[in-house]
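Engineer: Handing you a structure now.
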Amino acid sequence: HCLAVRAVCQREIDRDRGNGYSWKITLLRNYWKSKVKQEWLSGKYSNIHSQFSLPEKSMYPMDVDTWGEILEAELER
C-alpha cells in the first residue's frame with residue numbers, strides 16, 4: 001500500500017518521512033488523498049458541469065502544489 005500511495009503522492013510521502021513520521025502514520029495521512037488525487041489525475045473529473053457533479057464523500061482537501069499537478073494534467077489532455 002505504501003508504494004502505491006507513494007506513486008501518486010511522492011512529494012507528500014517524502015515530506016512526511018522527512019519529518020520523522022513512521023510509515024504507518026504516513027500511510028494513514030496520505031491514503032485517501034492518494035485515491036482522490038489519482039482519480040483527478042486520471043481524468044475522472046475532467047468533464048464535470050458544476051461542483052454538484054463531484055461526489056461529496058470522495059473529495060479530500062489538497063494543498064496548492066497538488067492542485068497545480070492536477071491542473072497541469074488537465075491542460076495536457
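Engineer: Within the accessible area of the chain, what % is carbon and sulfur when the probe is 1.4 Å and the other protein chains stay in place?
Structural biologist: On the chain, the fraction of accessible area on carbon and sulfur atoms equals 56 percent.
Engineer: Any idea what % of Cα-Cα pairs in the chain are farther than 16 Å?
Structural biologist: 52
Engineer: Could you give the dipole magnitude of the chain about its Cα centre, charging the beta-carbon of Lys and Arg +1 and that of Asp and Glu -1, in debye to the nearest 20?
Structural biologist: In total the dipole reaches around 400 debye.
Engineer: How far is helix 23-41 tilted, in degrees, relative to the longest principal axis of the Cα atoms in the chain, given as a value from 0 to 90 rounded to the nearest 10?
Structural biologist: Value to nearest ten degrees: 20.
Engineer: Same structure, new question: If you stretched the chain out fully between residue 46 and residue 2, how much longer would it get, using 0.36 nm times the residue separation minus the C-alpha to C-alpha distance?
Structural biologist: 13.2 nm
Engineer: Helix-only mean residue ellipticity at 222 nm, the chain, DSSP H runs n ≥ 4 weighted -39,500 (n - 2.57), per residue, nearest 500. What is it?
Structural biologist: On the way: 4 runs with 48 residues, N = 77.
Result for the chain, helices only: -19500 deg cm²/dmol.
Engineer: Hey, can you find the accessible area per residue of the chain for me, probe 1.4 Å, expressed in square angstrom?
Structural biologist: I get 72 Å² per residue for this part.
Engineer: Mind checking which of 3, 48, 70 is farthest towards the positive end of the chain's charge dipole, using Cβ charges of +1 (Lys, Arg) and -1 (Asp, Glu) about the Cα centre?
Structural biologist: The residue sitting farthest along the positive end of the dipole is 3.
The values are calculated or read from the model by the stated rules, or taken from the named source; none is laboratory data. Source: prediction; values computed, not measured. Every residue, glycine as well, gets a Cβ built from its backbone with ideal geometry; the counts of neighbours run over all protein chains shown. When the accessible area is computed, the model is the full protein with side chains, heavy atoms only, and any ligands, DNA or RNA have been set aside. Shrake-Rupley method; radii C 1.70, N 1.55, O 1.52, S 1.80 Å.
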